[in-house]
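**Student:** Below you'll find the structure I mean.
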Amino acid sequence: MNYHFSFNWLLIYYPELLKGIRITVQLILIGAVFGVSLGIACAWARALGPAWLKPVVTAYVELIRNTPFLIQLFFIFFGLPSLGLQMGETSAANIAMIINLGAYSCEIIRAGIQATPKGQFEAGVSLAMTPFETFRYVVVLPSLQRIWPALCSQIIIVMLGSSVVSQIAAEDLTFAANFIQSRSFRAFEAYFVSTLIYLALAVLLRQVLKFIGGRLFPRRAPR
Amino acid sequence: MNRKAFFAGMIVALILMVPVTTSTMAFADTLADVAARGTIRVAVPQDFPPFGSVGTDMAPQGYDIDMANLIAGKLGVKAELVPVTSANRIPYLQTNKVDLVISSLGKNAEREAVIDFTAAYAPFFNGVFAPASVTAKTAADLAGKTIGVTRGAIEDLELTKIAPADTVIKRYEDNNGTISAFLSGQVEIVATGNVVAAAILAKNPPKRPELKFLIKNSPCYIGLNKNDPGLAAKVNEIIAAAKKDGSLNAIAQKWLHTDVPADL
């Protein structure tokens, strides 16, 4: 093999890499918090909500789940301005990730809600709780606990999928890797390093989510 | 055939090849050949609009094709268009498969060593484009503005060098991304080649990109074989006449939607 590996460019371009890591982390933090909130709201609407709201939410969820993320991103960034809705690429990236995670987590959380035993809802009614109070105090946390591993996986998938925001010049980690490759022509080294960083970020995110799960659901049954 | 006859045949073939390989030292008179044949063979691109592409009727069309037809018309012969790629256009010329290369050919030292160039016939430059409402006469005027480029292109590398520190440069993955960003209003200024700017103009946008200043100028020249002064002089004469009587401008307007620059 004649290829000469060279990682010298790391010394020159590490500010771009650090900025890329920062933007990616910001994207997934905002995306996860607001996306899961949107998912909980939509799951409630589909499982327990009023009849007129169900088709609206179903349309949104099915539209997002059955189209590619990149197309949704391009539509928000390149398409919406022609309808008068202009926004920068970081805003467009954030909104696209929130909408995307919202739809997928809606389905995951709805499965958790529907697996809740009917007795829980009846217990809430017998204690004179409104349906919303029943949902908030009795149903939502055990539902999340039931599907927490699947939700964590989806959040990590969306974090890794955030790499496509480089297509609209949002300066995330993939954009940094592409930029370094186009300046130093060291494609293998640039993408190898960014792959390692994504791997580290994914492992870190999984640990953080596991910790959050431990905090939110203290009475989780031992394995 | 026995071995002796085989080797004798090979040596005769080698001897016969010598006049062919040494004949290129003589002065060529392509003009006379062309006049005798009644056609001029021109290498043109077929994968690089607007200079050369294939239309829906499978006929070649483009700036270079129009140029080839113009030259052939002025010489009084028919143009035989030979499709070539960037990789084989100069070898085709050197092996006498074509008489002229009209294929958005840029001039550089390596090519000057092996072929000759005529005068420039088409503008090909990288520059900063923006609508008429934006003023940006030099790189310093870009301070504080947002400008879109295609990542890794010459414009990207040059602009990064000359732009002020507070210019925001947005790098898109390919020319289509840069064009989409301009057309959707995400960036007001783009740094790109005049071919890409022509592609934007062809879509009739509400904000038309105009050239503000040049980053790098590399006009297109016609390539022909060395030691062919007759053909070179005649083609230069045709190009000069076409510039003067406006026929070159008509081709530029048709394919690039701009006039021929005065300093071409």
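Only the coordinates and a few stated rules stand behind these numbers; no lab work does. Please read all numbers here as calculations on a predicted model, not as lab measurements. Heads up, the Cβs are rebuilt from the backbone with ideal geometry, glycines too, and the neighbour counts pull from every protein chain shown.
**Student:** What ranking of B:Tyr63, B:Tyr92, A:Tyr3 emerges when the number of other C-beta atoms within 10 Å of each C-beta is taken as an exposure proxy, fewest first?
**Tutor:** A:Tyr3, B:Tyr92, B:Tyr63
**Student:** Shifting gears a bit: With a sphere of radius 11 Å drawn around the Cβ of B:Ile115, what net charge do the other residues whose Cβ falls strictly inside it have (Lys, Arg +1; Asp, Glu -1)?
**Tutor:** Around B:Ile115, the surrounding residues sum to 0.
**Student:** Right, something else. For segment B:116-154 and segment A:10-77, compute the distance between their C-alpha centroids and round to whole Å.
**Tutor:** For segment B:116-154 versus segment A:10-77, the Cα centre distance is 37 Å.
**Student:** Taking θ as phi - 60°, what are the ³J(HN,Hα) couplings along segment A:42-56 by the Karplus curve (6.51, -1.76, 1.60), each to the nearest whole Hz, with x for Gly and Pro?
**Tutor:** 5, 5, 4, 4, 6, 8, 10, x, x, 5, 6, 7, 4, x, 4
**Student:** I would also like to ask the following. Could you tell me the center-to-center distance, by alpha carbons, between segment B:174-206 and segment A:152-190 in angstrom?
**Tutor:** After rounding, the separation between the Cα centres reads 24 Å.
**Student:** Only counting other Cβ atoms within 10 Å, I'd like B:Phe6, B:Phe117, A:Phe179 sorted with the fewest neighbours first.
**Tutor:** So the ranking, lowest neighbour count to highest, is B:Phe6, B:Phe117, A:Phe179.
**Student:** Would you please give the residues with an amide H less than 5 Å from that of B:Phe125, counting only those at least 5 places away or on a separate chain, with H modeled from the backbone geometry?
**Tutor:** B:Asn194, B:Val195, B:Ser218
**Student:** Just counting partner chain Cβ atoms within 10 Å, what average do the residues of peptide B:177-184 show around their Cβ?
**Tutor:** Mean partner shielding for this stretch: 4.
**Student:** Compute for segment B:42-84: radius of gyration divided by Kirkwood radius, i.e. Rg/Rh, restricted to C-alpha atoms, rounded to two decimals.
**Tutor:** 0.97
**Student:** Next question. Determine, for A:Thr24, B:Thr56, the number of other Cβ atoms within 10 Å of each Cβ, and report the residues in order from fewest to most.
**Tutor:** Fewest-to-most ranking of A:Thr24, B:Thr56: B:Thr56, A:Thr24.
**Student:** Please report Rg (one decimal) and Dmax (integer) in Å for the Cα set of chain B.
**Tutor:** Over chain B's Cα set, Rg and Dmax evaluate to 22.7, 84 Å.
**Student:** When Cβ neighbours within 10 Å are restricted to other protein chains, what is their mean count per residue of peptide A:67-78?
**Tutor:** Shielding by partners across A:67-78 averages 1.
**Student:** Output the lone cysteines of chain A: those with no second cysteine's C-beta under 4.7 Å from their C-beta.
**Tutor:** If one checks each Cβ against the other cysteines of chain A, A:Cys152 turn up with nothing under 4.7 Å.
**Student:** By the scheme Lys and Arg +1, Asp and Glu -1, what is the net charge of all other residues having a beta-carbon under 14 Å from that of A:Leu160?
**Tutor:** Here the count lands on 0.
**Student:** Quick one: compute the contact order of chain A, relative version, from alpha carbon pairs under 8 angstrom and 6+ residues apart, as a percent.
**Tutor:** Worked out over chain A, it gives 27 percent.
**Student:** Around A:Tyr3, what is the net charge, scoring Lys/Arg as +1 and Asp/Glu as -1 over all other residues with Cβ under 12 Å from its Cβ?
**Tutor:** Summing Lys and Arg as +1 and Asp and Glu as -1 gives 0.
**Student:** Just want the answer: with Cβ charges of +1 for Lys and Arg and -1 for Asp and Glu, which residue in B:Pro206, A:Phe192, A:Leu85 is farthest toward the dipole's positive end in the protein assembly as shown?
**Tutor:** A:Phe192
**Student:** Using only the alpha carbons of segment A:1-108, what is the convex hull's orientation-averaged projected area in square nanometres?
**Tutor:** Across all orientations, segment A:1-108 yields a mean hull projection of 10.6 nm².
**Student:** Take every DSSP beta bridge whose two residues both sit in the protein assembly as shown, then give the antiparallel share in percent to the nearest 5.
**Tutor:** 55
**Student:** Here is a further query. If each DSSP helix of 4+ residues adds -39,500 (n - 2.57) and the sum is divided by the residues in chain B, what number results at 222 nm, nearest 500 deg cm²/dmol?
**Tutor:** My calculation for chain B gives -12000 deg cm²/dmol from helical runs alone.
**Student:** Using alpha-carbon pairs under 8 Å, 6+ residues apart, how would you state the relative contact order of chain B in percent?
**Tutor:** Computed over chain B, the figure is 24 percent.
**Student:** State log₁₀ I(q)/I(0) for the protein assembly as shown at q = 0.10 Å⁻¹ as given by the Debye formula over alpha-carbon point scatterers of equal weight, solvent excluded.
**Tutor:** -0.91
**Student:** Per residue of segment B:227-240, in order, report the coupling 6.51 cos²θ - 1.76 cosθ + 1.60 (Karplus, θ = phi - 60°) as ³J(HN,Hα) in whole Hz, putting x for Gly and Pro.
**Tutor:** 6, 9, x, x, 5, 4, 5, 5, 5, 4, 5, 5, 4, 4
**Student:** If the viscosity is 1.306 mPa s and the temperature 10 °C, what translational diffusion coefficient in µm²/s does Stokes-Einstein give for segment A:22-216 when Rh comes from Kirkwood over Cα pairs?
**Tutor:** For the chosen part, D equals 87 µm²/s.
**Student:** A further question on this structure: Can you tell me, using C-alpha contacts under 8 Å and at least 6 residues apart, the relative contact order of segment B:125-217 as a whole percent?
**Tutor:** 48
**Student:** State the three equivalent ellipsoid semi-axes of segment B:125-217, derived from the C-alpha gyration tensor as the square roots of 5 times its eigenvalues, in descending order and whole Å.
**Tutor:** Semi-axis lengths for segment B:125-217 are 18, 14, 12 Å.
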